[in-house]
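The values are calculated or read from the model by the stated rules, or taken from the named source; none is laboratory data. From a predicted model like this one, the values you see are computed outputs, not experimental measurements. Here the Cβ positions follow ideal geometry from the backbone for every residue, glycine too, while neighbour counts run over all protein chains shown. Quick note on the areas: whole protein, heavy atoms, side chains included, nothing else; ligands and nucleic acids left out. Shrake-Rupley method; radii C 1.70, N 1.55, O 1.52, S 1.80 Å.
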Amino acid sequence: MTTITLVQGDITRQSVDAIVNAANSSLLGGGGVDGAIHRRGGPEILADCRRLRASSYGKGLATGQAVATTAGELDARWVIHTVGPVWQAGGGDAPLLASCYRESLRVADELGARTVAFPAISTGVYRWPMEDAARIAVETVLNTPTGVEEVRFVLFDARAYEAFAERLG
Ligand code: ADP
């Protein structure tokens with residue numbers, strides 16, 4: 001049984017087995033969640049990302065996929081990096097956004113993570129509307145078989161929190 005919990009706050013302050021990063025395909029850092037994770041987690045995370053780029057991920061990480069690194073100085077064992085789709089004028093590739101949650105949980109299962117914190121992937125720089133992103137996030141987690149015991153959505157502001165709370169009823 002997976003329990004879904006909601007927290008309003010900063011994902012880099014969570015104590016969990018794995019923190020999911022809304023990364024970009026370069027894996028070499030960006031703004032938003034990505035910038036915060038690298039700032040607080042320290043240089044080990046970026047060093048791990050560079051190793052991935054030099055080995056199995058020469059072209060970067062594809063949209064909808066996920067890969068793990070160390071969590072550096074964060075209070076977690078791993079960071080799971082995933083790349084959300086960009087919202088385009090009038091729409092977005094919803095199956096790819098769902099894939100971010102599913103693939104991150106698959107990686108979490110491979111690692112043996114029991115508690116996983118997710119941000120609202122694609123809702124920042126990638127502009128996905130919050131209500132729709134919350135629907136996809138909650139539906140996908142509820143429909144994905146996983147050994148993860150707690151999925152914690154960590155929402156940065158009250159509006160994001162309300163959108164997720166609405167979905168969980
Ligand atoms: P994306 O590029 O996938 O849109 P962003 O990092 O720009 O990713 O934003 C994703 C969501 O995370 C946005 O709703 C943003 O407000 C939120 N966010 C930004 N910083 C943090 C943080 N430190 N903790 C939790 N959520 C955050």
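Summary of computed values
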quantity	calculated
Selection from the range 76-106 of residues that are closer than 17 Å to ALA22 by Cβ, away from the ligand (no atom under 13 Å from the Cβ), open to solvent by less than 40 Å² (accessible area, probe 1.4 Å) and free of Cβ contacts under 8 Å to residues at least 60 places away in the same chain	ALA94, ALA98, SER99, GLU103, LEU105
Count of the range 118-145 residues which are open to solvent by 30 Å² or more (accessible area, probe 1.4 Å) and either in contact (Cβ under 8 Å) with a residue 40 or more places away in the chain or within 22 Å of GLY90 (Cα to Cα) (or both)	11
Some residue of the range 38-61 being of a type in the set (Val, Ile, Thr) and under 13 Å from the mean Cα position of the chain (by Cα)	no
In the range 24-35, the residues that are surrounded by 15 or more Cβ atoms within 10 Å (Cβ to Cβ) and near the ligand (Cβ under 8 Å from one of its atoms)	ASN24, GLY30, GLY32, VAL33, ASP34
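Yes or no, residue by residue, for (1) within 13 Å of the ligand (Cβ to nearest atom); (2) assigned to a loop (DSSP other than H, G, I, E, B); (3) out of contact with any Cys (no Cβ under 9 Å at 6 or more places or on another chain):
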{"residue": "THR12", "(1), (2), (3)": "yes, no, yes"}
{"residue": "ALA22", "(1), (2), (3)": "yes, no, no"}
{"residue": "ILE37", "(1), (2), (3)": "yes, no, yes"}
{"residue": "GLU44", "(1), (2), (3)": "no, no, yes"}
